[in-house]
Amino acid sequence: MTFEDYCKYFHQTCICRVVNTSFFSLSKTWHEGEAHGQWKKPDRAGGCPNNKDTFLKNPQYKFDVDEDQDEIMVQLMQKSTRDRQGSQNITVGFTVLRVELNREYRIHDLSLQEMVTSSAFKNSRSMFLRYGPMKKGRYVVVPSTFEPNQETSFLLRVYTSSSNSFKELKQDRPVKSWYQCCGGAAKMVTQIRVVKAVGLERQDTSGGWMFNNY
């Protein structure tokens, strides 16, 4: 086929990449986290970060980075809509946030989190981003449509150099266990971020006291 014929009959080209996830490989390998999800009204279709009041109503997925200066790969793919007459891809993308190391529940306040990176938002079936270097820690990726209240299904993949504990954050708050039946439910979560500490003291092996500045 000539290039002229290609341009005549095709409007878009997608280049597929096979990511090496084998445990028995001498070349670079990746650990994969995978999730099938949906943007669905009323509480899982919040739109892009421009929609500050609804953005965190999107699905949220946490993952870990175990080494400083590491990198990640993220792929978001809309599921095929060819079975629906007249259906087309909608504009989608994703945002990566750095969160607390013990984060196990959904984020409700965007101002308390560090926005690390974001993909472009396009009406493409698949969005891909390779990003680094990353700091060691826990992250949350938020896939979203550009406009709120748009519904469709998606496939999300996150690749890291080591095991990443990939998991969807489904619960809004801690749920009482059976042994907590006599206690009250959690009402508040406090976040403390240490920026600097001066004059900390510790006892040395000789029994005296030493002071360190950090």
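The values are calculated or read from the model by the stated rules, or taken from the named source; none is laboratory data. Everything numeric here is computed off the predicted structure, so don't read it as measured data. Glycine also receives a Cβ, built like all others from the backbone with ideal geometry; neighbour counts cover every protein chain displayed. Areas reflect the complete protein model, heavy atoms only, side chains present, ligands, DNA and RNA absent. Shrake-Rupley method; radii C 1.70, N 1.55, O 1.52, S 1.80 Å.
I'd like the carbon and sulfur percentage of the solvent accessible area for region 72-152, probe radius 1.4 Å, heavy atoms only, ligands and nucleic acids excluded.
45 percent
Taking loop as defined by DSSP and a crowding limit of 14 other beta carbons within 10 Å, which trypsin sites (Lys or Arg not before Pro) in region 102-160 fit?
Of the trypsin sites (Lys or Arg not before Pro), the ones in loops of region 102-160 whose Cβ has at most 14 other Cβ atoms within 10 Å are LYS135, LYS136.
What's the lysine pair count for region 10-116 at a Cα cut-off below 23 Å, pairs eight or more apart or interchain?
Taking region 10-116 as the scope, the lysine pair count is 11.
Could you give the distance between the Cα centres of region 130-160 and region 42-68, to the whole Å?
7 Å
When Lys and Arg each count +1 and Asp and Glu each count -1, what net charge do the other residues less than 9 Å away from LYS135, Cβ to Cβ, add up to?
0
Excluding ligands, DNA and RNA, what is the solvent-accessible area per residue of region 1-149 at a probe of 1.4 Å, expressed in Å²?
With all protein chains present, region 1-149 gives 63 Å² per residue.
Just reorder HIS36, HIS31 by solvent-accessible area, largest first, 1.4 Å probe, all chains present.
Order by accessible area, largest first: HIS36, HIS31.
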